[in-house]
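Worksheet for the structure shown next.
Quick note: the coordinates plus some simple rules give every number you see, no bench work behind them. It should be emphasised that the depicted structure is a prediction, and the values quoted were computed from it without experimental measurement.
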Amino acid sequence: MPITLSETAAKEIKNIIRDQELPAETTRLRVGVKGGGCSGFTYMLDLTEEAKSDGDEEIESNGVKILCDMRSYLYLNGTEIDFRDEVMGRGFVFKNPNATSTCGCGSSFNA
């Protein structure tokens, strides 16, 4: 199962692209992980205009093109990215079936 964006997350990404006046046709969401955080790995999100490289997986979810390097894809395969706008804060939330534990803030995990 690939990485997916909820409708709410996709709408927020499209709003950010529009607000930053980025070209909607060529802008992609780069998703990845890096070592660190209180649980071992930290999630990364970035908007990029770079094209897919040989080491990338490219997915489209709810009208947003997603790039993910193959190493990160091993940890993120099956993850749904959601967006929450609540009283306690707003931000992207990762629902990762590969995470064996997560930190309290939800921005890092262990696999």
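Hey, which aspartates and glutamates would be in cross-link range of Lys52, C-alpha to C-alpha under 16 Å, not counting anything within fewer than 8 residues on its own chain?
Of all the aspartates and glutamates, those that pass the test against Lys52 - Cα under 16 Å, at least 8 places apart if same chain - are Glu25, Glu60, Asp69.
Calculated from DSSP H runs of 4 or more alone, at -39500 (n - 2.57) each and per residue, what is the 222 nm mean residue ellipticity of the chain, nearest 500?
Mean residue ellipticity, 222 nm, calculated: -5500 deg cm²/dmol.
At 0.36 nm per residue, minus the direct Cα-Cα distance, what do Met44 and Leu74 gain on full extension? Give it in nm, one decimal, please.
9.4 nm
Quick one: what Rg and Dmax do you get for the chain from the alpha carbons, in Å?
In order Rg, Dmax, the Cα atoms of the chain give 13.6, 42 Å.
Rank Glu21, Glu49, Glu80 by mean-square fluctuation in a GNM of the chain with C-alpha springs under 10 angstrom and give only the top-ranked residue.
Taking springs between Cα atoms under 10 Å, the residue moving most is Glu21.
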